[in-house]
Structure formats: C-alpha cells, structure tokens
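First comes the structure, then the notes that go with it.
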Amino acid sequence: MYKSIIRPLFFLFDPEKIHHFTFSLIKIVSKIPGIPFIFRSLYQVNDEKLERTLFGLTFKNPVGLAAGFDKNAVLYNELVNFGFGFIEIGTVTPKAQVGNPKKRVFRLKADNGLINRMGFNNNGIEAVIKNLKKNNGQVIIGGNIGKNTATLPNSYTEDYVTCFKELHPYVDYFVLNVSCPNVGSHVKLNDKEYLIELITEVQKVNNTYPKQKPILLKIAPDLNTVQLDEIIELVEETGIEGVIASNTSVSREGLKITEEELDKIGYGGLSGKPIKDRSTQVIKYLAEKSNKSFPIIGVGGIHSSEDALEKLSAGADLVQIYTGFIYEGPSLIKKINKAILAKN
C-alpha cells in the first residue's frame, strides 16, 4: 500500500513540505484511540533474540532511525510504534537556525536517493529539551549534536560542549556530527588533532556526571584509507565509544540522473542507494583494520533487509535507516528485524 499508493502521492509534492505534513499527520492520527496499537501490531517485532547490548545500553532491536528525520524531537514517541529499536534526534545546535535557503531537498527517483543541503536547520537546544521532557521511555534516544553555522572556528568546541551539557539528562547516547557537508567549512572538523581536542573536552564534561553517556563520532563515507586509519587511531587514543558510518556523501559517481539535472540541484549531501556500497566498504575497513575493537553503527543506502544484513556482515553492530524509510515505508523495519531473526 505504501509503495503503490502513499509514496506516489507524497512524491507529487516538495520533499520538505511533505515531510512536515507527514509529521503532522502521524501526530494527529496517533492520538486516535487504538491507532498506536494498530501500528505496533503491524510493524513491531518483539523477540529477545533481537536485543543488542552496546556501550552499556540494551537495544530492543538493532534497527534505528538516523539523525535528520526527527531533528527537533517532535515525533519520537510516535515513531517508536513503527518498530525502531532506537531513534536519533538532531542534529541539534545551541541556537535555533533556519539552515540553508530553500529549495534544499531533492529526490533522485531513478537512483532511489536524496540530495539535501538543509544546513542543520533546527529549533535550538531549548526547544528540543522541551520536547524530550515528554519522553515516555519506550525507546533509546540518541542525541546528535553540532555547531551553529555562524560559530567561528575558535568556538566550535564550545558549541558541542553546550549541547552536551544541556542534553545530557535527556538522551541515552551522544553523536558528535563532524561530517555533514552542508554547514560550511569542515577543514577544522576533519583534522585529527582537533577531533582529539573536541572529544577530550566533551569527555571531561561527561566525567563530571555520576552516570556517563556513551559518545560516538559520525564520519563521512568519502574518507580515504589514510583518513580511516586516523579514525581508528583517534578511537584508540580517546577511548570514544564508537563510530557511525556514514553520513551523506559529496560524491556523484554512478548516478542515473543527468549532469544537467545535477547542475540544477547544486551542492548537498547524497543519501540512499547510491551510497550503499561505499558506506559498507567503510564499515568493513574499520571493522577489519581495527580487529573489531569498537562498535560501529551502519547507515547509508539501506533499502531492504538484504542491505541491512550486508552492513551487519561487514562489521556493523546496529543499523540506521533514513532515505530507505522514505522510499520503502515503515514495513522496512519489520522486514529487517525478521531477516535478522531468520539468520540467527
């Protein structure tokens, strides 16, 4: 039903506008008595064999929702009914910001992908916390944090630390987003020495709390082997809990869309099926080269249960979906979980 009726209808409209419409629709429908139960019965797979324990957290199942979908923590209580084992909110910045000028999200239908240049649009840390206070405790929540676009390089760390302090009571783990291609210069954020400095400062703050929260690093799929080796060294040197591989890509290789159409779209991060293989390669390299010494969350191009199993076989401990959720619908979560059970 989703792919034959709902998706064709939704794809008639601007991606960003339909995203907000869908949020409102799910929010309203979920208030109708019995509807959340129907969603749960349709999409949730409850089996102890699906549980995964990583960095001190027990995930109900290994299929999560990637950051960028529920930026402001508006819909996580409703989205859990679709069967997610964890939901990552954000990217959150200290101050609210509108992001890049519209139009900034583009469907690549022939490629089953998206290009976006949202630019960390979000309502700011205070608004997100207000929403997280409504958490009914049904699912593990990750907090994906970043810097404001206008923040000067010498204050980058301050932005991350501010978000970390404010969000600490309300999320179960943190993700330092240093790899989004849509928020200006990333020269400093890609520098190993600076990343060690950033992680160390956030860890210092973390250690002041009675209960520390796991900290992960989200990396780009476009890193070469030398840069990936640096990531492995960085994890070893800092003791950071894990890596999310990967973010969106600036590559445009192998796309069916024409060069002319790409020129009209302009810059932005590519997600969906076109980055599936590269994301898996990054996971495999990190897992093998590090002797699987740290957890990896695999994300990028998961549009089927086979795609998810491929990520897990490559070395991912958990997986996340985003573009696949948009293209394939909520049944994708159930399909992945059932496939994992069938393989056990």
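The values are calculated or read from the model by the stated rules, or taken from the named source; none is laboratory data. Model, not experiment: these values are computed from the prediction. With ideal geometry, Cβ positions are generated from the backbone for all residues, glycine too; neighbour counts draw on all protein chains shown.
So, Gly254, is that one over 30 Å from Gly56 (Cβ atoms) and either basic (Lys, Arg) or touching a Cys at 6+ places or on another chain (Cβ under 8 Å) (or both) or not?
Values: over 30 Å from Gly56 (Cβ atoms): yes; either basic (Lys, Arg) or touching a Cys at 6+ places or on another chain (Cβ under 8 Å) (or both): no.
No, not satisfied.
Just the residues that are under 28 Å from Arg117 (Cβ atoms), among the β-branched types (Val, Ile, Thr) and in contact with a Ser or Thr (Cβ under 7 Å, 6 or more places away or on another chain), please, taken from region 214-253.
Ile219, Thr248, listed by residue number.
Which one is nearest to Lys338 (Cα to Cα), of the residues in region 18-50 that are of a type in the set (D, E, K, R) and surrounded by 13 or more Cβ atoms within 10 Å (Cβ to Cβ)? Explain how you work it out, then say what you get.
Of all residues in region 18-50, those of a type in the set (D, E, K, R) come to 27, 31, 40, 47-49.
From what's left, surrounded by 13 or more Cβ atoms within 10 Å (Cβ to Cβ): 27, 40, 47.
Details: Lys27: 27, Arg40: 15, Asp47: 10 Å.
Among those that are of a type in the set (D, E, K, R) and surrounded by 13 or more Cβ atoms within 10 Å (Cβ to Cβ), it is Asp47.
Taking Lys188 and the conditions (1) of a type outside the set (Phe, Trp, Tyr); (2) at pLDDT 95 or above; (3) in a loop (DSSP other than H, G, I, E, B), which numbered condition does it fall short on, given that it satisfies the others?
(2)
From the set of residues in region 195-241 that are of a type in the set (Ser, Thr, Tyr) and within 23 Å of the chain's Cα centre (by Cα), which is farthest from Phe55 (Cα to Cα)? Don't jump to the end; show me each part of the working.
Within region 195-241, the subset of a type in the set (Ser, Thr, Tyr) is 200, 208-209, 225, 238.
Now restrict to residues that are within 23 Å of the chain's Cα centre (by Cα): 200, 225, 238.
Working: Thr200: 18, Thr225: 26, Thr238: 15 Å.
So the residue we want is Thr225.
Is it the case, given these coordinates, that Ala73 is part of a loop (DSSP other than H, G, I, E, B), closer than 28 Å to Ile240 by Cα, in contact with a Ser or Thr (Cβ under 7 Å, 6 or more places away or on another chain) and not hydroxyl-bearing (Ser, Thr, Tyr)? Step through it out loud before you land on a result.
Numbers: part of a loop (DSSP other than H, G, I, E, B): yes; closer than 28 Å to Ile240 by Cα: yes; in contact with a Ser or Thr (Cβ under 7 Å, 6 or more places away or on another chain): no; not hydroxyl-bearing (Ser, Thr, Tyr): yes.
Judged against the criteria, Ala73 is not a match.
Which helices (runs of 4 or more DSSP H) does region 256-326 wholly contain that include 2 or more residues that are in contact (Cβ under 8 Å) with a residue 12 or more places away in the chain, surrounded by fewer than 24 Cβ atoms within 10 Å (Cβ to Cβ) and at positive phi? Quick ask: steps written out before the conclusion?
Working: elements: 259-265, 276-289, 305-314.
Once the helices (runs of 4 or more DSSP H) in region 256-326 are filtered for at least 2 residues that are in contact (Cβ under 8 Å) with a residue 12 or more places away in the chain, surrounded by fewer than 24 Cβ atoms within 10 Å (Cβ to Cβ) and at positive phi, nothing remains.
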